[in-house]
Amino acid sequence: MDRRKYLKVLGLTTVSGSLLLDACKNADVKPADHSQKKEDPSTLAYDRMEEETAAYKKTIAETFFTPHEMATIAILSDIIIPADDVSGSATQAKVPDFIEFIVKDKPEFQTPMRGGLRWLDMQMTKLYGTSFKDSTQQQQLSLVDAIAYPAKAKPEMKQGVSFFNLMRNLTATGFFSSEMGIKDMGYAGNKPTQWNGVPEDVLKQYGLSYTEKELNECVKFS
């Protein structure tokens, strides 16, 4: 199974991931200004209860990640899912915005995500004297390689491995639940009035076939 197929499977599973145990101090962290990204309330009227709409608007109005953290998340998500011949990259599918929303909707992800981002910067500072965001692409990939493969990672990379597992899960979930990701999977969905019935080769595989009545009244072959 290649990397894209693996991530597609990952993206279809429930959001999960190992959590970093180290708590981080957030007093000096200033949230980014995402006010320009606030959702138009008029789009929330369809098929939502009043309580759901209020909770959604409250979540959208808040910010969690700093601009520095958002930039780091964007770099990481594009390393995990870069653009290819089939679709665009994770950032083009707005995965960083998805992760920003998820950590506000599920606060249990906040400490592992922020702690992991800080761990990443600390490692890069030790190695190269700069943050992950401001290091070269080669330096970034070198550290990612050290934490992206749990079976091969060194014991001292344990925290980084846990963080990257979570980051990879969130990226795959965000990408393959986006319009771009769904097209990437080739999922066509249900098409009313266009169902051609169970394919003939599948029916033969199980020794089944449609009756004349079913063919005339239920299954409309185009």
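Here is how the numbers come out for the structure above:
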read-out: In Å², nearest 10: area of Met49 left accessible to a 1.4 Å probe; value: 120
read-out: Residue-normalised accessible area of segment 50-177, expressed per residue, 1.4 Å probe, Å²; value: 47
read-out: Packing-based order for 126-136, 199-209, using average beta carbon neighbours within 10 Å, highest first; value: 126-136, 199-209
read-out: Label-point separation, Met122 to Glu50 (7 Å along Cα→Cβ), nm; value: 4.8
read-out: Calculated FRET value between Leu203 and Val86, using beta carbons and R₀ = 25 Å, to 0.05; value: 0.20
read-out: Share of Cα-Cα pairs in segment 50-177 lying beyond 24 Å, as whole percent; value: 29
read-out: Per-residue SASA entry for Glu108, accessible area with 1.4 Å probe, Å² rounded to 10; value: 100
read-out: Accessible surface, 1.4 Å probe, highest first, among residues Lys106, Lys94; value: Lys94, Lys106
read-out: Lysine pairs in segment 118-222 with Cα atoms under 22 Å, if 8 or more residues apart or on separate chains; value: 8
read-out: Apportionment of accessible area to carbon and sulfur, segment 50-177, percent (1.4 Å); value: 53
read-out: Burial ranking of peptide ranges 81-93, 147-159 (average Cβ count within 10 Å, highest at the top); value: 81-93, 147-159
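The values are calculated or read from the model by the stated rules, or taken from the named source; none is laboratory data. Being a predicted model, the structure only gives us computed values, none of them experimental. Cβ atoms come from the backbone with ideal geometry, glycine included; neighbour counts cover every protein chain shown. Accessible surface is based on the protein model in full, side chains and every heavy atom, while ligands, DNA and RNA are left aside. Shrake-Rupley method; radii C 1.70, N 1.55, O 1.52, S 1.80 Å.
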